[in-house]
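What follows is a single structure, written as structure tokens, with notes after it.
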């Protein structure tokens, strides 16, 4: 059985941990509020870009099938969004297990975040990993970095190294729910062209050859997908971290209450024992 001093030390250490987890929950919540506001602006920007891209397809201005190729292998390039810091529950494990389940022998992975890189190393999956990018220190030029990555990916695609390029990230659903999502970048190749013009198409008019515009805009469209996915992933990370730290703080509180109960019982036993000894001594003297 634990001594009174041992239990007292455990209570103090768990109280210190509880303070840390509560502080981390508060920080994650503050970041989450800020990121939600930023996401509104980013979503508007990305939607405008998607509308422009859809306009080229919806009016039969380009044929997406022209951008299909023939490959020796059915190989894919996956761009996976994970975090660079931990303490966010099962956030990284969920997305790494999802990519691990669908990898095929000739597939490759570009990993965003150090936790995903560590997972691949620990699970002997380094043969799939061709790039690892840490964006935790980047603040102002993230879109530019994604644009550079999109050019690199599309060049590899043009060389015939990959049949598909897919983005795997965690989608923000609510303050209590996130979901792993897979976006097939070249899904527009299967798009059914509708001759009816959509309302947003009236906004745009094109002077240059449409195939040329399509080729020029494709990297920017890809960069938008990456940028939007990354920001949703960051929000999902903080949602998971906030919920995990909240649960850890509650568990710490429950454990402290349990230890205090043990402490009080032990102290009561000690006091009872001391009273019995005193009473025994009094009776002996009589």
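A few remarks follow.
- Longest to shortest principal axis, alpha-carbon extents of the range 8-54, angstrom: 65, 15, 5
- From largest to smallest, the equivalent ellipsoid semi-axes obtained for the range 102-167 from the alpha-carbon gyration tensor read 21, 19, 7 Å.
- With the alpha-carbon atoms of the range 67-153 aligned to their principal axes, the span from lowest to highest coordinate is 42, 31, 17 Å, starting with the largest.
- Kirkwood-type radius of the range 134-173, with distances r between different C-alpha atoms, in Å: 12.1
Every number in this text was worked out from the coordinates using simple rules, so none of it is lab data. Quick caveat: nothing in here was measured; it's all calculated off a predicted structure.
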